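Enquirer: Pasting a structure here, questions to come.
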Amino acid sequence: MNSSSVSAYSLADFFFPDSDDPLMPSQDFADWRRETSWATSLYEQSLVNGPVPRALLMVDNTPQPVINLASYNYLGLAKHSETIAAAKAALDRYGTGACGSPILSGMTDLHRELEERLSQFVNREQTMLFNSGFGGALGMLAGLLRRDDVAILDAKSHISLIDGAKLSGARIALFEHNDANSLDALLTKYADRRRIVVTEGIFSMDGDMADLSKIVPVAEQHGVGIVVDEAHSILTCGENGRGVTDLFGVDDKVLIKYATFSKAFGAIGGFVSGPDRTLDYLRYYSNPYGFSCALPPSVIATILTSLKIASRDNSRRDKMQENSVYFRTQLNNLGISTGNSVSQVVPLIIGSDQRLLYELGLELRARGLFIPTVDYPSVPEDSLRFRASITSEHTRQDLDEALNIIEDTVVRRLKKKQ
Ligand SMILES: Cc1ncc(COP(=O)(O)O)c(C=O)c1O
């Protein structure tokens, strides 16, 4: 890292802390956190009116109006009158918490209804609900894989999938991002082992998609089952929002579909859908499922209503996609690289200058734009970025104002650097 960096260190340097007590990270870490607090003030910021396009963000204890390009409320369902009314009605009927794990006492008729509706929606035999998306990914892979197995994941897979595979004790083999030859080589290398292939619908940091037209046939040739994480693609892609497996016309070839409710559904939690035999097994071997409280019924009512609204027609999806194309095209016209994004997840790739990234982050916020700053090790050191999430709720005026701010700040600074 060069001398103009925010610091000589990054989070990656403190994973093995130089301290005698696990409960007390090193003084170096505390010093680093203090020294970089101006930059990390861009993290864990508080919105005071929810994930809406024109939001209020607490800055120095004062609510500041911002254009919000940071929330996953892709279809605007987190603040939809019908989802809110459904949650309120469920609160009145069921109270605030499920108060038990799904196995022992946390299940309600609403949970069962959602399982069934999701199974119908994604055309799978059975569905399990998890109280977090992360926990669902973790619990699915740790529940199904065993020590002698091999989890073959796309190298850009979300950390919840990697952690799930790690927890299982299985060998983890990463194939080069979207590279069917690399996948083929790993499937061949581990041909004598039980294997699964894991990839994502829309990749969360890059906004590109799994190339299922190439990945699926390779897995099929080897007779190996595929899991697709549709966290960002459920409700946003494919006919009726069934995800990328539908978009690529390979849905019947993908055994397990996993997704979260924290994005387009505007709620919280995750689900796994697949064959009866797999799910019957998983229910009893997935600890984040069996040993953690079920989702509150009010959340289930929200999700059921989101599913209903998003299944009515494609209008919200179409608007989100139209907005995404517009925003990406305008950024590219301004000379900003959006990598391989083809979706509502739009990275603004800045490069390797970490100080510039954080200075710009503060400048963008001061100008009224809320857009996440993404640093190494979450993304490669040479492609630090801002990541925009575009929704159906953004108006052309929201996007144009955001683009003007970006032009005055990011574009100006990047040009100066050249
Ligand atoms: C691809 C992917 N999978 C899983 C998750 C975890 O989901 P959740 O945030 O709902 O826990 C995320 C979170 O952003 C994600 O991007």
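Enquirer: Checking Gln354 against (1) without any contact (Cβ under 8 Å) to a residue 12 or more places away in the chain; (2) crowded, with 21+ Cβ neighbours inside 10 Å, which test does it fail?
Expert: Condition (1) is where Gln354 drops out.
Every residue, every condition in (1) acidic (Asp, Glu); (2) outside any loop (DSSP other than H, G, I, E, B); (3) within 16 Å of the ligand (Cβ to nearest atom); (4) on the phi > 0 side of the Ramachandran plot, yes or no:
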residue	(1), (2), (3), (4)
Leu110	no, yes, no, no
Glu113	yes, yes, no, no
Arg117	no, yes, no, no
Phe134	no, yes, yes, no
Gly143	no, yes, yes, no
Ile152	no, yes, no, no
Lys156	no, no, yes, no
Ile162	no, yes, yes, no
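Enquirer: Among the hydrophobic types (A, V, I, L, M, F, W, C), more than 14 Å from the ligand (Cβ to nearest atom), in a loop (DSSP other than H, G, I, E, B) and within 24 Å of the chain's Cα centre (by Cα): does that describe Leu56?
Expert: Answer is no for this residue.
Enquirer: Further, regarding this structure: Could you figure out which of (1) within 30 Å of Thr36 (Cα to Cα); (2) surrounded by fewer than 17 Cβ atoms within 10 Å (Cβ to Cβ); (3) aromatic (Phe, Trp, Tyr) isn't true of Phe370?
Expert: (2)
Enquirer: Follow-up. Against the condition within 12 Å of the ligand (Cβ to nearest atom), modelled with pLDDT of 95 or more and either in a loop (DSSP other than H, G, I, E, B) or assigned by TED's automatic domain parsing to the domain that holds Ser343 (or both), how does Gly266 come out, does it pass?
Expert: Spelling it out, Gly266 is indeed within 12 Å of the ligand (Cβ to nearest atom), modelled with pLDDT of 95 or more and either in a loop (DSSP other than H, G, I, E, B) or assigned by TED's automatic domain parsing to the domain that holds Ser343 (or both).
Enquirer: Mind listing whichever residues of region 268-285 are out of contact with any Leu (no Cβ under 8 Å at 6 or more places or on another chain) and either open to solvent by 10 Å² or more (accessible area, probe 1.4 Å) or among the polar types (S, T, N, Q) (or both)?
Expert: Within region 268-285, Asp276, Arg277, Asp280, Arg283, Tyr284 qualify.
Enquirer: Oh, and also: So which residues in region 4-27 are over 28 Å from the mean Cα position of the chain (by Cα) and open to solvent by 90 Å² or more (accessible area, probe 1.4 Å), if there are any at all?
Expert: Asp18, Asp20, Pro22, Leu23, Met24, Gln27
Enquirer: Pairs needed: first member in region 57-76, at negative phi and of a type in the set (S, T, N, Q); second member anywhere, within 16 Å of the ligand (Cβ to nearest atom) and part of a strand (DSSP E or B); C-beta distance under 7 Å; at least 6 residues apart or different chains.
Expert: Ser71/Ser389
Enquirer: Looking only at region 380-402, count every residue that is more than 20 Å from Asn73 (Cβ to Cβ) and buried (at least 18 other Cβ atoms within 10 Å of the Cβ) and tell me the total.
Expert: Matching residues across region 380-402 total 2.
Enquirer: Going through region 288-297 one residue at a time, which ones are within 16 Å of the ligand (Cβ to nearest atom) and open to solvent by 20 Å² or more (accessible area, probe 1.4 Å)?
Expert: Result: Pro288, Ser292, Cys293, Pro296.
The values are calculated or read from the model by the stated rules, or taken from the named source; none is laboratory data. As the structure is a prediction and not an experimental result, all values here were calculated from the model. Quick reminder, even Gly has a Cβ in these numbers, built from the backbone with ideal geometry, and neighbours come from all protein chains shown. Just the protein is used for accessible areas: all its heavy atoms, side chains included, with ligands, DNA and RNA removed. Shrake-Rupley method; radii C 1.70, N 1.55, O 1.52, S 1.80 Å.
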